[in-house]
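The values are calculated or read from the model by the stated rules, or taken from the named source; none is laboratory data. Please read these numbers as outputs of a predicted model, since none were measured by experiment. For neighbour counting, all protein chains shown are included, and Cβ atoms are generated from backbone atoms with ideal geometry for every residue, glycine included.
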Amino acid sequence: MLPPVSGPSFPAGPRLRLTAGQFNEIVAHCYDGLPDEACGLLGGPVDAAGVPEGTVTTVYPCRNEDASARTYTIDSRDHIKALRAAEEAGGDLIGVFHSHTHTEAYPSETDVRQAVEPNWIYVLVSLKHEAPVFRAYRIVDGTIGEVPVEISR
């Protein structure tokens, strides 16, 4: 069973909307990263205030600089490439994804400490069980709020 979402709920915010192909790309990248955590960035449109609208237009698989089964750091060169590509496409980076190889798809204390972009959507893919578990969150000032996920064809 997953832990409850902590703290007060956020005002109605974005849903994470992605295609089945994008979902499969994220999950495949997470499996490809084993035995280490895998990570990547998500590109999409933002509103005038810079808040993600929630639609993923591009998945940017990245290297995990930590090369660790317990932590991740997006490779800085991959981060810059993804940011430039997202901006060239008329959007921005709207979130990050990473896998948990041994734990549930819920933000760890380390994940919460590293969540410095309050507008971003944080996607976790747990590979702990036979089937992957895919969940999304916003993390603002240490408060975790789950974001609904919609997968379309």
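Table for the structure above
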| quantity | calculated |
| --- | --- |
| Answer residue from segment 54-72, given it is β-branched (Val, Ile, Thr) and part of a strand (DSSP E or B) and is surrounded by the fewest Cβ atoms within 10 Å (Cβ to Cβ) among those | Thr58 |
| All positions within segment 70-104 that are over 11 Å from the mean Cα position of the chain (by Cα) and small (Gly, Ala, Ser) | Ser76, Ala82, Ala85, Ala86, Ala89, Gly90, Gly91 |
| Boolean, Arg77 is within 16 Å of Val46 (Cβ to Cβ), surrounded by fewer than 15 Cβ atoms within 10 Å (Cβ to Cβ) and either polar (S, T, N, Q) or modelled with pLDDT of 95 or more (or both) | no |
| Of all residues making up segment 133-153, the number that are part of a strand (DSSP E or B) and of a type in the set (Asp, Glu) | 2 |
| In segment 45-69, residue nearest to Tyr31 (Cα to Cα) [restricted to those that are of a type outside the set (A, V, I, L, M, F, W, C) and touching a Pro at 6+ places or on another chain (Cβ under 8 Å)] | Thr57 |
| Segment 94-113, subset in a helix (DSSP H, G or I) and touching a residue at least 24 places away in the same chain (Cβ under 8 Å), residue surrounded by the fewest Cβ atoms within 10 Å (Cβ to Cβ) | Thr110 |
| Residue, surrounded by the fewest Cβ atoms within 10 Å (Cβ to Cβ), within segment 1-53, restricted to residues that are at pLDDT 95 or above and aromatic (Phe, Trp, Tyr) | Tyr31 |
| Single condition Glu130 does not satisfy, out of (1) among the charged types (D, E, K, R); (2) outside any loop (DSSP other than H, G, I, E, B); (3) under 19 Å from Asn24 (Cα atoms); (4) modelled with pLDDT under 95 | (2) |
| First in segment 29-49 and of a type in the set (D, E, K, R), second anywhere and surrounded by 23 or more Cβ atoms within 10 Å (Cβ to Cβ) and assigned to a loop (DSSP other than H, G, I, E, B), Cβ under 9 Å, 6 or more apart | Asp32/Ala38; Asp36/Tyr72; Glu37/Tyr72 |
